Amino acid sequence: MNEALRLALTEISTSSNPQVVLTALCDPLTIAETFDTLALPPTSFISMSYLHTPLFPDLVRGLCHRLWDNFIQMGNGNALRLLSEDDLEERSDNLVVQRAIEALVPLSKKGDPQLALLIDAYCTDGCTPAERRDLGLSRALDRQDQLDLLSILMREQVWPRRLLQRGTFQGMKYPPFIMHLDHVERLVHCAPLDVAQFTSALCYLIDAMGERFTLWLNAVGDTPVLLQEIEQAICPHFVGYPLHNLLLIDQEKHEL
């Protein structure tokens, strides 16, 4: 295994600090298996979530859609299935999101297809005022609200609050969680403002998720010109975060 990659994986496994990793690996889906090969003390499993960089003109909208779709699949059609009706208090400091959680989680358990469509619309592209009234909500979610809601669901996915409250993780670190974003080379074709907004949303998620979270950005393509363009487009936006820039790993020698 390439030494720089080994060091990055070790840092992800052992550090509590959030991490950012930038790669152009040929087969990134096998990364999870490599953690078992590291000479580390026994640790909890590592959770991973796989996404593709959006193709939407509005990159942040695309990110929110892809994250929400992941939870729909995870919940067999109900993205809010992770949240229990008897554990909804103080889920968010964002009052709009807290009110939405309290209203939508019970509705999502009813199994009503029409309500499910309205909930999906409200949490992604928005509803009409009449539709919001049907959901018992007066306020729409803006992009920050959507990211707040999605970060709550991601945290619940890997660090369930009921387990934290029972002390399941007492005396041990939370298991690491990696959000793997593929095809980040698409950003080199986007306007600088769009890239800035998109990476700002990713930074917002890093801050919301906090310790034991890793944002793994993977490019598909390894020509020197493309790698340089990717580096210039992405790296400056993550100043202040631990960044493992592994774009230049020799693709023929890194063997996972």
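Looking across the range 59-84, not a single residue is touching a strand residue (DSSP E or B) at 6+ places or on another chain (Cβ under 8 Å) and either in a loop (DSSP other than H, G, I, E, B) or outside the structural domain of Arg99 (by the TED database) (or both). Cβ-Cβ distances below 7 Å connect the following pairs, each with a first residue in the range 73-95 that is at positive phi, a second residue that is outside any loop (DSSP other than H, G, I, E, B), and a separation of six or more residues or different chains: Gly77/Ala116.
Residues in the range 105-144 that are open to solvent by 40 Å² or more (accessible area, probe 1.4 Å), touching a Cys at 6+ places or on another chain (Cβ under 9 Å) and among the small types (Gly, Ala, Ser): Ala140 alone. Within the range 219-229, not a single residue is over 22 Å from Leu22 (Cα atoms) and either among the aliphatic types (A, V, I, L, M) or surrounded by 15 or more Cβ atoms within 10 Å (Cβ to Cβ) (or both). Considered as a group, the residues in the range 151-166 that are assigned to a helix (DSSP H, G or I), touching a strand residue (DSSP E or B) at 6+ places or on another chain (Cβ under 8 Å) and open to solvent by less than 10 Å² (accessible area, probe 1.4 Å) include one that is farthest from Ile101 (Cα to Cα), and that residue is Val158. Set side by side, the residues Asp207, Asp134, Asp148 differ, and just one is among the acidic types (Asp, Glu), closer than 20 Å to Asp69 by Cβ and assigned to a helix (DSSP H, G or I), which is Asp148. Here Ile234 meets each of (1) assigned to a helix (DSSP H, G or I); (2) open to solvent by 10 Å² or more (accessible area, probe 1.4 Å); (3) aliphatic (A, V, I, L, M) with one exception, condition (2).
Before we move on, is Phe169 touching a strand residue (DSSP E or B) at 6+ places or on another chain (Cβ under 8 Å) and either surrounded by fewer than 18 Cβ atoms within 10 Å (Cβ to Cβ) or modelled with pLDDT of 95 or more (or both)? Against the criterion (touching a strand residue (DSSP E or B) at 6+ places or on another chain (Cβ under 8 Å) and either surrounded by fewer than 18 Cβ atoms within 10 Å (Cβ to Cβ) or modelled with pLDDT of 95 or more (or both)), Phe169 does not qualify. When restricted to residues that are farther than 23 Å from Pro242 by Cβ and either of a type in the set (Ser, Thr, Tyr) or not in a helix (DSSP H, G or I) (or both), the range 184-204 contains 2. In the range 61-91, of all residues being surrounded by fewer than 17 Cβ atoms within 10 Å (Cβ to Cβ) and among the small types (Gly, Ala, Ser), the one that is nearest to the chain's Cα centre (by Cα) corresponds to Gly75.
The values are calculated or read from the model by the stated rules, or taken from the named source; none is laboratory data. Worth saying up front: this structure is predicted, and the values here are computed from it rather than measured. Cβ coordinates were reconstructed from backbone atoms using ideal geometry, including for glycine residues, and neighbour counts include every protein chain displayed. Each accessible area value is taken on the protein alone, full model and side chains, heavy atoms only, with ligands, DNA and RNA left out. Shrake-Rupley method; radii C 1.70, N 1.55, O 1.52, S 1.80 Å.
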